[in-house]
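To keep things clear, I will list the structure first and then write my remarks on it.
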Amino acid sequence: MGNCSGYPSATDTTTTTTTESDGLAHHRAHNNPPNGINVLPPPSQSQTPSSQSQQPPLMGRVLGRPIEDVRSNYIFGRELGRGQFGVTYLVTHKLTGQKFACKSIATRKLVNRDDIEDVRREVQIMHHLTGHRNIVELKGAYEDRHSVNLVMELCAGGELFDRIIAKGHYSERAAAVLCRQIVTVVHNCHSMGVMHRDLKPENFLLLSKDEDSPLKATDFGLSVFFKPGEYVSCCGYDVFGC
């Protein structure tokens, strides 16, 4: 669905160790993937007689929850990146002043059922993987009359691809640190029953501009839930299919 959370680029933590018990917990988790969209529960409805007489809220056709304007909570700033379906903006939370990245997906571009299911699955998977230090965290999902808006943590360091081009080369030690983080992401995704299917330097973002900034995997638009031994159809570039 397009790169999401980094600053604009030419193309747009440390390592965790999974214990055996963690692996078993992950195995249980992916056998019960979330049903429906539960990133942001619908606001509770008052049970007063006046509210009961009101018309039911208008439901979004993609997320299947009440229509909600993301701009009621966030101020939109400049564009950070653009993909096939979505445009990512820098946004600021009105109450806290904290900055995030928001990928806005125009619902008019979701022309068939498969497109809608892809967006739903992307939200489900990002919610399912919440808490991993090397995966971009989804803060909230909103749908209004024109778009689905995914608010995510902001990765100010940009794409790994651009960092590689800018540096020219990495030492073996530095490259090993990056590779370890990438393999950790793959391991944890697979142990939780998720296959990314589009891993590439453009889809890893740096949390900050620091030299030792942790990597964050992003763009789960092609990702799927799977079970061990289950065949999953190919997509994207063959070399990036993990």
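Some notes on this structure:
- Spin-label model distance (nm) - Gln84 vs Asp115, 7 Å beyond Cα toward Cβ: 1.1
- Listed peptides 151-158, 111-118, 166-173, 131-138 by packing density, highest first (mean Cβ within 10 Å): 151-158, 131-138, 111-118, 166-173
- Rough spin-label spacing in nm, given labels placed 7 Å along Cα→Cβ, for Ala175 and Leu58: 5.4
- Only Cα sites of region 108-242 enter the Debye sum here, all with the same form factor; the resulting log10 I(q)/I(0) across q = 0.12, 0.15 1/Å is -0.51, -0.79, listed in q order.
- Taking a ≥ b ≥ c as the square roots of the eigenvalues of the Cα gyration tensor, region 144-223 is classed as oblate, since a/c reaches at least 1.5 and a/b does not exceed b/c.
- Leu95-His146 FRET efficiency (beta carbon distance; Förster radius 41 Å; 0.05 resolution): 0.95
- As a rough guide to protection, the peptides 72-84, 181-193 ranked by mean Cβ packing within 10 Å, highest first, stand as 181-193, 72-84.
- Cα extents of region 50-110 along the three principal axes, largest first (Å): 43, 32, 12
All of the numbers you see were taken from the coordinates with simple rules; none came from a lab. Values in this document were obtained by computation on a predicted structure and should not be read as measured data. Note: ideal-geometry Cβ built from the backbone for every residue, glycine included; neighbour counts use all protein chains shown.
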